[in-house]
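Beneath this line is the structure, given in structure tokens, with notes to follow.
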Amino acid sequence: MYEKEEDKLNDFKKAYDDISTPLDALDNAISSGFQQAKSAKQKPRKMKWIMSVAMVAIIVITFVTSIRVSPVFAQYVTSIPGMEKIVELIREDKGMMSAVKNDYYQEIAVSKEKDGLEVVIDGAIADENGIVLFYTLNTDKKQKEISIGETHLESSSGEVLDLSSVSFGMPHNSEEGKKTYSGTIEYFFEKPFKSREFEIDLKITGDSFNEEFSFPFKIKEDIREKKTFELNKDVTVEGQNMTILDATVYPLRVAVHVKMDPGNTKKILAFEDMRLVDERGETWGKTNGVVGSEIAENEEIIYLQSNYFHDPERLYLVFSRMQAIDKDKRKLVVDTEEEVILNQPNGNKLRNLEINGNRVSLSLHTEKRFSYFMFGKMSDNTGKEVTTERSFTYGYRPDKGMAEIGFNMKGSDQLKSPISIELEFFPNWITGDEKVRIK
């Protein structure tokens, strides 16, 4: 039933490719969630974030297309009050849709109200390593914009929750104004948690709100156990060697553990089209939000949508297209005094460096829209870390084959040029045709 969803999302992507629009809010929302996860965790781990093009399109444009589900599932959804909005939030994630279909969604229904704003935690989907909370914001007056500005989760038992990432999405917007908005908050942890009772703190900001809420909630004791498949399969793509160590299947997502050969000449930045495929050709692709985490210099976890509730006879890990750059070109180096690019990956795709106060902007030249934000950790000539206040990507212009990208530095007058920027993503690829059997 899901192949029709993918076809319609692909059609929507084509429409999005012709639209020019600033994506500041998207970058800021992602950065906000990342910074909370970064400050909360104890062990350093580099998280990789990406919103799929289809998801960005849904954010930017009113999504009027109705994606069909099976009649049985539709009847199931409409028979439960409030479930329609839950499905609307997760319809792009086949794993979570399957969890709902298999009665793994649990109702929580706790709420608090303050000065005309009610916050409701509707329910959750949880596994050993993560919790996805579904919430609703109800207001007494119409709001054109409202959002979760901050969130904090604690165990009521005192257990330390070792967060690896937390995300709570884009601000909610409506040109006409609305009184009800729904969304999700996703928490993922470095190790399995034991707690079933929690305290959540939320800061809600809007047109006429700036409120803080704190209240307890519980999840069910019955959490499904993970399924781990040991693989240890060696793969070579255009001379770059890697080993697929294992794949761990959770109800919320699948974690694929990959180790690169330290002797590779290129840095693999992203497995763009990695997916699970069963014997009938049904696929499970990348998640929205956090798509991977780097656990060591040459080792990372890649996250895919979950097939936990689907048990095929045969299951394969398939990929053919990887972003990769030469290791000696993995950093963008810019002279902020002379406004010159000193180092970048081959191809001269970054041009027209401009420095205006704290603002750094460049033009990215590609044949098609590149829907990844590429900048990672930054440092100046003394090794001092550079803090960014905001990042931006302005819409791709097909007539010129370019988009404007950049960021605002904090305290640029205290930094020593040049600035070195680690590249998390970049429009340069190696290709192959790899298929690893999982079961």
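Tabulated results
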{"read-out": "Residues within region 65-115 that are touching a Ser or Thr at 6+ places or on another chain (Cβ under 6 Å) and modelled with pLDDT under 80, tallied", "value": "1"}
{"read-out": "Search result, residues across region 165-182 that are in contact with a helix residue (DSSP H, G or I) (Cβ under 9 Å, 6 or more places away or on another chain) and not polar (S, T, N, Q)", "value": "Val166, Phe168, Gly169, Met170, Pro171"}
{"read-out": "Checklist (1) modelled with pLDDT under 95; (2) surrounded by 14 or more Cβ atoms within 10 Å (Cβ to Cβ) applied to Glu434, failing item", "value": "(1)"}
{"read-out": "Meets criteria (surrounded by 16 or more Cβ atoms within 10 Å (Cβ to Cβ), more than 27 Å from Met374 (Cβ to Cβ) and not polar (S, T, N, Q)) for Tyr250", "value": "yes"}
{"read-out": "Phe425 buried (at least 20 other Cβ atoms within 10 Å of the Cβ) and not in a strand (DSSP E or B)", "value": "yes"}
{"read-out": "Residue check, Ile148 at pLDDT 95 or above and surrounded by 15 or more Cβ atoms within 10 Å (Cβ to Cβ)", "value": "no"}
{"read-out": "First in region 141-165 and under 25 Å from Ile295 (Cβ atoms), second anywhere and of a type in the set (A, V, I, L, M) and part of a strand (DSSP E or B), Cβ under 6 Å, 6 or more apart", "value": "Thr151/Ile185; Thr151/Leu202; Leu153/Ile200; Ser165/Met47; Ser165/Val290"}
{"read-out": "Breaking point among (1) touching a His at 6+ places or on another chain (Cβ under 6 Å); (2) more than 25 Å from Val132 (Cα to Cα), for Ile268", "value": "(1)"}
{"read-out": "So Asp335, is it surrounded by 14 or more Cβ atoms within 10 Å (Cβ to Cβ), farther than 30 Å from Ile185 by Cβ and modelled with pLDDT of 95 or more", "value": "yes"}
{"read-out": "Residue within region 222-238 that is polar (S, T, N, Q) and touching a Lys or Arg at 6+ places or on another chain (Cβ under 6 Å) present", "value": "no"}
{"read-out": "Sole residue being among the basic types (Lys, Arg) and assigned to a strand (DSSP E or B), chosen from Lys233, Lys191, Lys220", "value": "Lys233"}
{"read-out": "Hey, Ile244 over 30 Å from Ile148 (Cα atoms), buried (at least 16 other Cβ atoms within 10 Å of the Cβ) and hydrophobic (A, V, I, L, M, F, W, C) or not", "value": "yes"}
{"read-out": "Lone unmet requirement of (1) under 21 Å from Asp326 (Cα atoms); (2) touching a Gly at 6+ places or on another chain (Cβ under 7 Å); (3) without any contact (Cβ under 8 Å) to a residue 60 or more places away in the chain for Arg359", "value": "(1)"}
{"read-out": "Counted residues, region 194-210 - those being surrounded by fewer than 18 Cβ atoms within 10 Å (Cβ to Cβ), part of a strand (DSSP E or B) and at pLDDT 95 or above", "value": "4"}
{"read-out": "Inter-residue pairs, beta-carbon under 7 Å, first modelled with pLDDT of 95 or more and in region 213-236, second basic (Lys, Arg), 6+ apart", "value": "Phe213/Lys112; Phe213/Lys114; Lys218/Arg196; Ile219/Arg196; Phe229/Lys439"}
{"read-out": "Residue match in region 186-197 (condition: among the basic types (Lys, Arg) and closer than 18 Å to Ile301 by Cβ)", "value": "yes"}
{"read-out": "Filtered residue count, region 294-306, keeping only those that are out of contact with any His (no Cβ under 8 Å at 6 or more places or on another chain) and surrounded by fewer than 20 Cβ atoms within 10 Å (Cβ to Cβ)", "value": "5"}
{"read-out": "Residue match in region 290-297 (condition: more than 25 Å from Lys377 (Cβ to Cβ) and more than 19 Å from the chain's Cα centre (by Cα))", "value": "no"}
{"read-out": "Those residues of region 127-150 which are of a type outside the set (A, V, I, L, M), closer than 22 Å to Arg253 by Cα and touching a helix residue (DSSP H, G or I) at 6+ places or on another chain (Cβ under 8 Å), in sequence order", "value": "Phe134"}
{"read-out": "Matching entry among Ser156, Ser174 (being surrounded by fewer than 14 Cβ atoms within 10 Å (Cβ to Cβ), more than 17 Å from the chain's Cα centre (by Cα) and polar (S, T, N, Q))", "value": "Ser156"}
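Here's the yes/no breakdown for (1) acidic (Asp, Glu); (2) under 24 Å from the mean Cα position of the chain (by Cα); (3) buried (at least 16 other Cβ atoms within 10 Å of the Cβ):
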position: Asp162; (1), (2), (3): yes, yes, no
position: Gly169; (1), (2), (3): no, yes, yes
position: Gly183; (1), (2), (3): no, yes, yes
position: Pro192; (1), (2), (3): no, yes, no
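The values are calculated or read from the model by the stated rules, or taken from the named source; none is laboratory data. Here the structure is a predicted model, which is why all the values come from computation and not from measurement. Here the Cβ is made from the backbone with ideal geometry for all residues, glycine too, and neighbour counts use every protein chain on show.
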